[in-house]
Structure formats: structure tokens, C-alpha cells
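The following block contains the structure, expressed as C-alpha cells.
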Amino acid sequence: MMNKKMKKALNNQLNAELYSSYLYLSMCAWFEAKSLTGFANWMRVQVQEELFHAMKFFNYIHDRKGEVVLDALAKPESSWDSPLAVIESAIKHEQKVSAMINGLVSCAIEEHDHAANQFLQWFVGEQVEEEANFGAVYDRLKLVGGDSAGLFAIDLEMAKRVYVPPAP
Ligand code: FEO
């Protein structure tokens, strides 16, 4: 059983993960419209990652006999000045998510909810990976600057990303 505060906080994170998938779908659409299909593919995979995160919260709340309460999703941003601006905005978003996960861990500790704390540790590690993945794309884009050949070379790399569901 979870207390009210923990239930509310986990439902809030479920919404945040669904919003992440929505935001990355919006970024995917932006890349598709620019014919940067490799970047679009990369974001499409990221959408699946976020849906997996959301479902992890969904399943955990049920396992702990809590109620899942779905909330409205905010309208995601849809316009950026450049591929670099898209990735920069994604990094800022991931940093925000990492802070939210840290907040949830603190909440679990304060509420002496050891099960929730253990569950959330997976996300602590996952956020390190998420920030590193986006950071690597950002660094490569910075390296090529405004060079189109460099951008297309990165696009070809981004096309190779395949969604592999993490072990449950
Ligand atoms: Fe679910 Fe990208 O954090």
C-alpha cells in the first residue's frame, strides 16, 4: 500500500513521462518535415522509450493497489530554429525529468516507502543514460556547426537507432 502523497507523486510522474513521449513525437514531426529522417527515426525510438517509462509507472501504481488517474497532456512545443535548438530543448527537458525523479526519491525516503525508493532507482540510472544520449547528439551537432555535409552524416547515424525494450 502507498500513502496518498506517494500515489499522487507517482501519478504526476506518469503524466510527465507521457508528456515526454508527446514532446519527442512533436520533435520527430519537426525532423520529418525537414526531411531529416535519421533524426526523426531517433526521436521515434525515444517516443517508445518514454512510453515504456510511463507504463512502468502505470504498472507499479497498480501493483501497489493505487489508482491510476490520467491527466490532460500539455501542448508540446512544435517549432525550433535548428536541429541543435531541438536537441538543446530536449536536454533541458531531460534535466527537468531527472530533477523530478530525484524529487520522487526524496519523497519516498521521507515517507519511508522503501518499495517506491527501490522502484525509482531504475529511473535514477535511466536518467543518467537519457541525459548522456541527448548530450552525445548535442556534442556532434556542435562539432559540425552549420556544415550540411556534417549534418547529413549525423542524420545517417541517427537512422540506425532501433528500439530495444529494456528488461522488465
Ligand atoms: Fe522518461 Fe527521457 O525520461
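The values are calculated or read from the model by the stated rules, or taken from the named source; none is laboratory data. From a predicted model like this one, the values you see are computed outputs, not experimental measurements. Don't worry about glycine lacking a Cβ; one is built from the backbone with ideal geometry, like all the others, and counts go over all protein chains shown.
Test I101 against the stated conditions and say whether it is part of a helix (DSSP H, G or I), within 17 Å of M43 (Cβ to Cβ), touching a residue at least 12 places away in the same chain (Cβ under 8 Å) and within 16 Å of the ligand (Cβ to nearest atom).
no
Does any residue of segment 132-149 turn out to be within 12 Å of the chain's Cα centre (by Cα), surrounded by 14 or more Cβ atoms within 10 Å (Cβ to Cβ), more than 22 Å from N59 (Cβ to Cβ) and within 14 Å of the ligand (Cβ to nearest atom)?
There is at least one residue in segment 132-149 that is within 12 Å of the chain's Cα centre (by Cα), surrounded by 14 or more Cβ atoms within 10 Å (Cβ to Cβ), more than 22 Å from N59 (Cβ to Cβ) and within 14 Å of the ligand (Cβ to nearest atom).
Which of (1) modelled with pLDDT of 95 or more; (2) of a type outside the set (A, V, I, L, M, F, W, C); (3) closer than 16 Å to E50 by Cβ does R140 not meet, given it meets every other one?
With respect to (1) modelled with pLDDT of 95 or more; (2) of a type outside the set (A, V, I, L, M, F, W, C); (3) closer than 16 Å to E50 by Cβ, R140 is out only on (3).
Within segment 20-27, can one find any residue that is surrounded by fewer than 19 Cβ atoms within 10 Å (Cβ to Cβ), touching a helix residue (DSSP H, G or I) at 6+ places or on another chain (Cβ under 8 Å), within 23 Å of Y163 (Cα to Cα) and touching a residue at least 24 places away in the same chain (Cβ under 8 Å)?
Looking through segment 20-27, at least one residue is surrounded by fewer than 19 Cβ atoms within 10 Å (Cβ to Cβ), touching a helix residue (DSSP H, G or I) at 6+ places or on another chain (Cβ under 8 Å), within 23 Å of Y163 (Cα to Cα) and touching a residue at least 24 places away in the same chain (Cβ under 8 Å).
Can you confirm whether S79 is touching a residue at least 24 places away in the same chain (Cβ under 8 Å), hydroxyl-bearing (S, T, Y), more than 16 Å from the ligand (Cβ to nearest atom) and touching a helix residue (DSSP H, G or I) at 6+ places or on another chain (Cβ under 9 Å)?
Here the answer is yes, as S79 does meet what is asked.
Checking E67 against (1) of a type in the set (D, E, K, R); (2) more than 16 Å from the ligand (Cβ to nearest atom); (3) assigned to a helix (DSSP H, G or I); (4) closer than 30 Å to N117 by Cα: exactly one of these is not met. Which one?
In the conditions (1) of a type in the set (D, E, K, R); (2) more than 16 Å from the ligand (Cβ to nearest atom); (3) assigned to a helix (DSSP H, G or I); (4) closer than 30 Å to N117 by Cα, E67 misses (3) alone.
If you don't mind, another one. Please work out which residue is nearest to the ligand (Cβ to nearest atom), limiting yourself to segment 17-47 and to residues that are under 23 Å from E157 (Cβ atoms) and among the aromatic types (F, W, Y).
Only one residue tops the list, namely Y24.
Mind listing just one residue for me: the one in segment 1-11 that is part of a helix (DSSP H, G or I) and more than 14 Å from the ligand (Cβ to nearest atom) and, of those, nearest to I101 (Cα to Cα)?
Ranking the candidates gives A9 first.
Sticking with this one: Quick check on G125: is it more than 18 Å from K4 (Cα to Cα), at pLDDT 95 or above, in a helix (DSSP H, G or I) and not aliphatic (A, V, I, L, M)?
Yes: the conditions hold for G125.
Being among the hydrophobic types (A, V, I, L, M, F, W, C), within 16 Å of the ligand (Cβ to nearest atom) and assigned to a helix (DSSP H, G or I) narrows it down to one residue among L84, L14, L73; which is it?
Just a single option satisfies the conditions, and that option is L14.
From the list A90, A116, pick out the single residue that is part of a helix (DSSP H, G or I), within 10 Å of the ligand (Cβ to nearest atom) and modelled with pLDDT of 95 or more.
Criteria check complete, one pass: A90.
If you go through segment 1-19 one residue at a time, how many are charged (D, E, K, R), farther than 16 Å from K75 by Cα and either touching a helix residue (DSSP H, G or I) at 6+ places or on another chain (Cβ under 9 Å) or surrounded by 15 or more Cβ atoms within 10 Å (Cβ to Cβ) (or both)?
The number of residues fulfilling the criteria is 2.
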